[in-house]
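What follows draws every value from the coordinates through simple rules; no lab data is involved. Note that the structure is predicted; figures quoted are calculated from it, not measured. Using ideal geometry, Cβ is built from the backbone for each residue, glycine included, and neighbour counts are taken over all protein chains shown.
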Amino acid sequence: MKQLTKILKTLADTNRLRIIKLLEKRKLCVCELAFILGITQPSVSRHLKKLKSAGLIGDEQKGLWTNYKINTPAGHYEKTLIRNVNDRLDNDPIIKEDRKKAAMANRNKLCCKR
């Protein structure tokens, strides 16, 4: 029950739900997520830390980038909750717009502005 409560609290934020829906389609880095969500990279990092702490996402290092990805929930209740959340949000206008922006997100241009 403790883990389920943590997941529910973590998902009780619009930006974290948007991140979950974006990562459902492909792995993304912080700068791509910041571009898509229209928030700062430090804000994205804080959201990612909470999602990772709840066990909802993981990360992997690939060259210069840390890519974030969806984790498969461990318990039955967690799997059911995530599946229901994902199913309900597929047709949300914000999620649809996020997916359009994700198609335009180019990490080489977004992350390497040096």
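Here are some notes:
- Top-ranked residue in region 51-65 [being free of Cβ contacts under 8 Å to residues at least 40 places away in the same chain and farther than 26 Å from Leu8 by Cβ; ranked as surrounded by the fewest Cβ atoms within 10 Å (Cβ to Cβ)]: Gly63
- Within region 74-89, considering residues that are touching a residue at least 24 places away in the same chain (Cβ under 8 Å) and not aliphatic (A, V, I, L, M), the one nearest to Lys25 (Cα to Cα): Asn86
- If the condition is being in contact with a Ser or Thr (Cβ under 7 Å, 6 or more places away or on another chain) and not in a strand (DSSP E or B), then region 53-71 contributes Ala54, Leu56.
- Hits in region 10-49 - residues which are of a type in the set (Lys, Arg) and closer than 20 Å to Leu89 by Cβ: Arg16, Arg18, Lys21, Lys25, Arg26, Lys27
- Selection within region 72-114 - farther than 18 Å from Lys52 by Cα, touching a helix residue (DSSP H, G or I) at 6+ places or on another chain (Cβ under 7 Å) and outside any helix (DSSP H, G or I): Ala105, Cys111
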